[in-house]
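I'd like to ask you about the structure that follows.
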Amino acid sequence: MHDTTRIALCGKGGVGKTSVAAVMVKLLSENGNRKILAIDADPACGLAVALGVVVRKTVDDIRKGLISQIRKGESQGAPQTLKQLDYEVFDALHEQDGFAMLAIGRPEDEGCFCKVNSLLKDILGELAGSFDVVIIDGEAGVEQINRRVMKTVDHLVLISDTSAKGLGVAGAIAHVAHDNKAVDFRSLGLVLNRVKNQAEVDDISSRIGLPIYGWIAEDDLIRDFDFRGTSLRELPDTSPTLGIVEHILKTMGVLT
Ligand SMILES: Nc1ncnc2c1ncn2[C@@H]1O[C@H](COP(=O)(O)OP(=O)(O)O)[C@@H](O)[C@H]1O
Ligand SMILES: [Mg+2]
């Protein structure tokens, strides 16, 4: 069994989760020969675009397929179902250039089907365990990750811009993560994005009461790449954000 490091990125919409996740995947997949899994847990599948991946099938597609089988009375016994789900998740895994990617798809609706959800979560957990580093690009809260992707993460990375709203959401997520025993993590820290200068960081740091893993300045390259829909894996070495995210991964002990 691998020693797997699971990193989940959470924060308000638009603060830079997907951009930072994509840069992390780029750096980790280019550094050494560790097995990297990127999980796009945002229904809009933004991480796929940022990594230049075309999603064929999501975990939600698999889930819906099984539910419709169950509804038609076509479902087989539990061991057979598990085998089928296992195969389908493996089939939905996209592999290229030193990393693998899996998209979760839409949040579940149409009733609970808790059994199906928990089977899928078990399979995702098992799959994650065969990788060295797992990067989860989440939605706003950590509950979604807990409910839809996996129960345990090692590093919970909260991302925020310098806005009061963004910081408020990050603070609320930290609060839930600390209070809610269902969410299991080893370390939690904040990454500030689109920062003007160190003075802003110092100001926020004195107010927020969360460890700060690092901060990223406004980066026109990131904006341009997004504008053109170019994969962030093609960011040139001159991009200052690359160096900063590398430093953040070192601070977290994920890169040496
Ligand atoms: N440091 C940055 N400098 C400039 N633009 C950025 C930066 N970080 C993110 N952006 C832009 O902000 C928008 C939202 O970023 P994104 O990573 O998609 O956020 P989220 O995944 O949290 O919704 C995108 O258009 C992205 O290009
Ligand atoms: Mg996103």
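Under 21 Å from Ile135 (Cα atoms), within 16 Å of ligand 2 (Cβ to nearest atom) and either surrounded by 15 or more Cβ atoms within 10 Å (Cβ to Cβ) or without any contact (Cβ under 8 Å) to a residue 40 or more places away in the chain (or both): does that describe Leu47?
yes
Out of all the residues in region 84-109, which are in a loop (DSSP other than H, G, I, E, B) and surrounded by fewer than 20 Cβ atoms within 10 Å (Cβ to Cβ)?
Leu93, Asp97, Gly98, Arg106, Pro107, Asp109
If Gly32 passes every condition in (1) free of Cβ contacts under 8 Å to residues at least 24 places away in the same chain; (2) within 16 Å of ligand 1 (Cβ to nearest atom) but one, which one does it miss?
(2)
Does region 194-212 contain at least one residue that is within 16 Å of ligand 2 (Cβ to nearest atom), in contact with a Lys or Arg (Cβ under 9 Å, 6 or more places away or on another chain) and in contact (Cβ under 8 Å) with a residue 60 or more places away in the chain?
Within region 194-212 (the criterion being within 16 Å of ligand 2 (Cβ to nearest atom), in contact with a Lys or Arg (Cβ under 9 Å, 6 or more places away or on another chain) and in contact (Cβ under 8 Å) with a residue 60 or more places away in the chain), the answer is no, since none of the residues qualifies.
Restricting to region 118-148, count the residues that are within 12 Å of the chain's Cα centre (by Cα) and acidic (Asp, Glu).
2
Suppose the filter is of a type in the set (Asp, Glu), assigned to a helix (DSSP H, G or I) and either within 19 Å of Glu139 (Cα to Cα) or more than 16 Å from ligand 1 (Cβ to nearest atom) (or both); does Asp60 pass it?
Spelling it out, Asp60 is indeed of a type in the set (Asp, Glu), assigned to a helix (DSSP H, G or I) and either within 19 Å of Glu139 (Cα to Cα) or more than 16 Å from ligand 1 (Cβ to nearest atom) (or both).
Now a separate question. So, in region 197-256, exactly how many residues are closer than 21 Å to Leu156 by Cα and of a type in the set (S, T, N, Q)?
5
Kindly check whether there is at least one residue in region 55-78 that is within 16 Å of ligand 2 (Cβ to nearest atom) and surrounded by fewer than 22 Cβ atoms within 10 Å (Cβ to Cβ).
Yes, region 55-78 has at least one match.
Against the condition more than 19 Å from the chain's Cα centre (by Cα), under 29 Å from Glu143 (Cα atoms) and either surrounded by fewer than 11 Cβ atoms within 10 Å (Cβ to Cβ) or touching a residue at least 40 places away in the same chain (Cβ under 8 Å) (or both), how does Ile216 come out, does it pass?
On the way: more than 19 Å from the chain's Cα centre (by Cα): no; under 29 Å from Glu143 (Cα atoms): yes; either surrounded by fewer than 11 Cβ atoms within 10 Å (Cβ to Cβ) or touching a residue at least 40 places away in the same chain (Cβ under 8 Å) (or both): yes.
Against the criterion (more than 19 Å from the chain's Cα centre (by Cα), under 29 Å from Glu143 (Cα atoms) and either surrounded by fewer than 11 Cβ atoms within 10 Å (Cβ to Cβ) or touching a residue at least 40 places away in the same chain (Cβ under 8 Å) (or both)), Ile216 does not qualify.
All of the numbers you see were taken from the coordinates with simple rules; none came from a lab. In this text the structure is predicted, and so the values were computed from the model without any measurement. Positions of Cβ are backbone-derived with ideal geometry, glycine not excepted, and every protein chain shown enters the neighbour counts.
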